1. Scanning for something of a type in the set (Gly, Ala, Ser), modelled with pLDDT of 95 or more and touching a Leu at 6+ places or on another chain (Cβ under 9 Å), does segment 76-83 turn up at least one residue?
2. Being touching a residue at least 24 places away in the same chain (Cβ under 8 Å), within 24 Å of the chain's Cα centre (by Cα) and outside any helix (DSSP H, G or I) is the filter here; which residues of segment 155-187 pass it?
3. Gly113: surrounded by 13 or more Cβ atoms within 10 Å (Cβ to Cβ), of a type in the set (Gly, Ala, Ser) and in a helix (DSSP H, G or I), yes or no?
4. Looking only at segment 76-107, count how many residues are free of Cβ contacts under 8 Å to residues at least 60 places away in the same chain, part of a loop (DSSP other than H, G, I, E, B) and over 14 Å from Ala118 (Cβ atoms).
5. Sort out which residues of segment 140-175 are of a type in the set (Asp, Glu) and over 26 Å from Glu105 (Cα atoms), and write them in order of number.
6. Within segment 117-135, can you find the residues that are touching a residue at least 24 places away in the same chain (Cβ under 8 Å) and out of contact with any helix residue (DSSP H, G or I) (no Cβ under 9 Å at 6 or more places or on another chain)?
Amino acid sequence: MVTGPDSAGLPPWRAVVGAAGAALLLAVGIAASTTPWASAAGAPTSSTPDSTRSYDQAFSTVEMSPEQTAALDDRHVDAAEYLAGFERLRSCLAAAGFELVDVAESNHTKSYGVPVDAVDSGVEGACYSIEFEQVDMHWQLDHADTSESTRVMRACLTENGLEPVGDAEAIGEQLKASGIDMTTCGA
């Protein structure tokens, strides 16, 4: 979450930073078979579905720290690399005089608030891109099947008399095909 009086003008995925926002956008992206973070981040976009377009292609032009690059060398992000990336993000913001707020963890994924001034100044965007962005996205994609958003989609299907089938992507497609309005789930 961006803290402060005004988060207007931020791309939707930056207005809610971390696990909850990214997981929900991931679920929506899976259901819609698009790459929501690519256009929001200013990276190259494509109409090619996610299943045939690699994450690495979407972010091939993002500047990264040597530590983030090393974490991605084996194309797998482990817990230690994820947590180290998060701490590099925190340190980068702190070096510019900003502190993350409301830091929490759910499903082994960090969520946090960012001061509006850090966003408005561009510091948050630079720190996130350089130190954590690709590690964060790899981690969240690897954990999509156990994410809070997938749990909510499963519950929504069950609540509407349907048996959820498959992984996060299949559940997103099932929800989309069912025509269920997720805003009515859990009400």
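1. Scanning segment 76-83, I find no residue that is of a type in the set (Gly, Ala, Ser), modelled with pLDDT of 95 or more and touching a Leu at 6+ places or on another chain (Cβ under 9 Å), so the answer is no.
2. Here is the first cut: in segment 155-187, the residues touching a residue at least 24 places away in the same chain (Cβ under 8 Å) are 155-156, 159-160, 168-169, 172-173, 175-176, 180, 182, 185-186.
Retained after the next criterion (residues that are within 24 Å of the chain's Cα centre (by Cα)): 155-156, 168-169, 172-173, 175-176, 180, 182, 185-186.
Scanning segment 155-187 gives Ile180, Cys185, Gly186.
3. On the way: surrounded by 13 or more Cβ atoms within 10 Å (Cβ to Cβ): yes; of a type in the set (Gly, Ala, Ser): yes; in a helix (DSSP H, G or I): no.
The answer is no for Gly113.
4. Counting residues in segment 76-107 that are free of Cβ contacts under 8 Å to residues at least 60 places away in the same chain, part of a loop (DSSP other than H, G, I, E, B) and over 14 Å from Ala118 (Cβ atoms) gives 1.
5. Within segment 140-175, the first condition is being of a type in the set (Asp, Glu), and the residues that meet it are 142, 145, 148, 159, 163, 167, 169, 173.
Residues satisfying the conditions are Glu159, Glu163, Glu173.
6. Correct list: Ser121 only.
Rundown of residues vs (1) under 17 Å from Ala80 (Cα atoms); (2) out of contact with any helix residue (DSSP H, G or I) (no Cβ under 6 Å at 6 or more places or on another chain), yes/no style:
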| site | (1), (2) |
| --- | --- |
| Met137 | yes, yes |
| Cys156 | no, no |
| Pro164 | no, no |
| Gly179 | no, yes |
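The values are calculated or read from the model by the stated rules, or taken from the named source; none is laboratory data. Source: prediction; values computed, not measured. Quick reminder, even Gly has a Cβ in these numbers, built from the backbone with ideal geometry, and neighbours come from all protein chains shown.
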